[in-house]
Structure formats: structure tokens, C-alpha cells
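The values are calculated or read from the model by the stated rules, or taken from the named source; none is laboratory data. Please read all numbers here as calculations on a predicted model, not as lab measurements. Every residue, glycine among them, receives a Cβ derived from its backbone with ideal geometry; neighbour counts consider all protein chains shown. What goes into the accessible areas is simple: the full protein's heavy atoms, side chains included, and nothing from ligands, DNA or RNA. Shrake-Rupley method; radii C 1.70, N 1.55, O 1.52, S 1.80 Å.
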Amino acid sequence: MAVHKVVIIGSGPAGYTAGIYTARASLEPVLVASSIEPGGELTKTTEVENFPGFPKGIMGPDLMEEMREQAERFGTTVVYDDVVALDLDGDVKRVTLGDGTVLEAQSVIFATGSAYRRLGLADEERLSGHGVSWCATCDGFFFRQQVIAVVGGGDSAMEEATFLTKFADKVYLIHRSSTFRASSIMLERAQRDPKIEFVTDAEVVAINGGDSVESLTLRDTRTGAERSLPVTGLFVAIGADPRTHLVHGKLDLTPAGTIHVDGRSSRTSVPGVFAAGDVVDPTYRQAVTAAASGTVAAIDVEHYLAALAG
């Protein structure tokens, strides 16, 4: 079995950028991109307006496709499977895939990104795909001429609500406070949209419906009073959590749940294992910072392998 120089786990901006840089360094990277969601969370995003080099904006899925093509052009091998187990001890790391394949490598870059956060309500999973969604670009089309809701107070919630007005007749934007984490430009854009109605100081405490969503139960966060809001869809946009389940007990984590790295480097607590993107960043979580983090990881790997060879 050949031992690869580097295996990259994850196919978001961090993973693909690490692929571009390690391939250009002649490290012949193998990138495990997932069998279900290659391209990461950006494939569920609408127009990306703030990624440098695209003055007219670019759709999230298109940006990730461009990154994949660029990584492959330089020699990255992309594998569409899922990592099910990791053995990070010793000089040779072992990455086990869902089909049973074991990839051995001198180094690993862990760039698995983040996963959408759930509300934690009783019927949330039951009605997933039947009115409850975490992806406006995936499911917005199914809510033409309907009344729906988005819950959240950050940029992603504003973006989801604004995008959904292309299909729905009305979009309620529900937030548990009257102040928002969203940037001014995203908040103002949503506030100007005549199809969006803000419902502040309110939290969703129940999702109601038989075979599909019929209404939400809202609780006033100041008074505790509850009321029903008739909607046929709910889009949850309350943030995301780093995907670190594969490395629990294997790598040191921070109090925020991200992978601990050494200073501004990508070096983890295990020699030869590097991390990049949202799994190390609880604060900024932008496509461009994830891409930059992938660059750092690639250069760190190059230096690590050079030291081994020396």
C-alpha cells in the first residue's frame, strides 16, 4: 500500500485551497470530499458577493466547483467518500473511508468545516424535508406563493430570508432579540424588502403539523406569552458547529469546540496533523478566511514533510 504524502479531509474553501497549494508543491494530495456534500456548506449558499476576484458576485455552488477544478488541474486527486475512522498515532496516519479503503499518509489536513445548528425541538427532525429546512437554495423553490419563516439573527438568516422572497409571498424573520448579529448591509437589505416581516423578541418553541409544517408556536422572550404563527415552512439559520466528531479524544479542542492549533499556524496537538477552516475558527467563519487557513495548512505540511526528509 502506497503511503501518500498528504491526505486532506474536507472539500470546502479550506480543503480545496489546501489541495491547490499542496498539489502545486508536488505533494500529490488526496482530498476526501464527502459522498453526500462535496463542496461543503457553501454549496447551500446563494450569491457570494464578498469573495475577492468576483466583483459581480458568484453563486456558492459555482465557487466551489471552480475551486475543485483548480485543485484537480494542479494534480489533486478528489475522492467522493466519507471518512469513518482515523488513526493519527505514529508517523503514518490511517484514514478509513466508508467503502473500507484505508488511506495511509505522512500528514493529514483536517478541514471538515461546520454543520448547521438545530433548534432542538421535538418535531424538527420529523418534519425535516416536510417544511423544515436548513438550505434556502436547496428547498426555496418548493415554497412558491407560500407564507414561510426564517429563524436567526445573523448574516445567514438575512441572506436566507432575502433569497426566499423570490419564491414565497411572505417571509417572517424570527429572532429572539431586538438586536442583530448581522452586518449592517445584510440587515438593511432585509429590512427594505416588502415581503419580509421582522418578528423580534420571539423564539420558536414548537413546530406544528401532521405530514408537513402548518404553524409555529412562538414565545415572547420578554413576557413569556405564547402565540401561533401559521406558516408552511421554516428555515433554520442560527449558526453552525464545527465538525470535529472524528477527532474527539484524538486532538486537543478549545473551549469553543474547535480544534486547538499552535498560534497562527495549523499545527494541532499531534505531529503531522494539521487543521484549517471553520474547524479552527469560532469567530470569523468566512469563505475567504477559510481559504487563507487552507493555504497556511498546506505550507505547514510542506515544511513538515521537508523536515522529515531532511
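Things to note:
- Helix axis angle, 13-24 relative to the chain longest principal axis, alpha carbon, degrees: 20 degrees
- Taking the stretch 43-201 as the region of interest, the number of lysine pairs whose Cα atoms are within less than 20 Å, with members eight or more places apart or on different chains, is 5.
- Peptides 93-100, 49-56 ordered by packing proxy, namely the average of other Cβ atoms within 10 Å per residue, highest first: 93-100, 49-56.
- Dipole moment magnitude, nearest 20 debye, the chain about Cα centre, only Lys, Arg, Asp, Glu C-beta charged: 500 debye
- Selection from Ala306, Thr221, Gly272 lying farthest towards where the dipole of the chain points positive, charges on Cβ: Thr221
- Rounded to 10°, Cα long-axis angle of helix 287-309 versus longest principal axis of the chain: 20 degrees
- The share of accessible area on the chain that comes from carbon and sulfur is 50 percent, using a 1.4 angstrom probe.
- Working note: 222 nm ellipticity from helices only, DSSP H runs with n ≥ 4, each -39,500 (n - 2.57), summed and divided by the residues of the chain, gives -7000 deg cm²/dmol to the nearest 500.
- Net +/- balance of residues flanking Val247 in space, Cβ distance below 12 Å, scoring K and R +1, D and E -1: +1
- Taking all protein chains into account, the per residue accessible area for the chain stands at 47 Å² (1.4 Å probe).
- Scoring 248-261, 292-305, 152-165 by mean Cβ neighbours within 10 Å over their residues and listing the highest first yields 152-165, 292-305, 248-261.
- Charge tally around Arg219: other residues with Cβ under 15 Å, Lys/Arg +1 each, Asp/Glu -1 each, net -1.
- FRET efficiency estimate (nearest 0.05) - Cβ-Cβ, His130 to Thr200, R0 35 angstrom: 0.80
- For the stretch 135-279, the share of DSSP beta bridges that are antiparallel, to the nearest 5, is 50%.
- Between 0 and 90°, nearest 10: helix 60-73 axis offset from the chain longest Cα axis: 10 degrees
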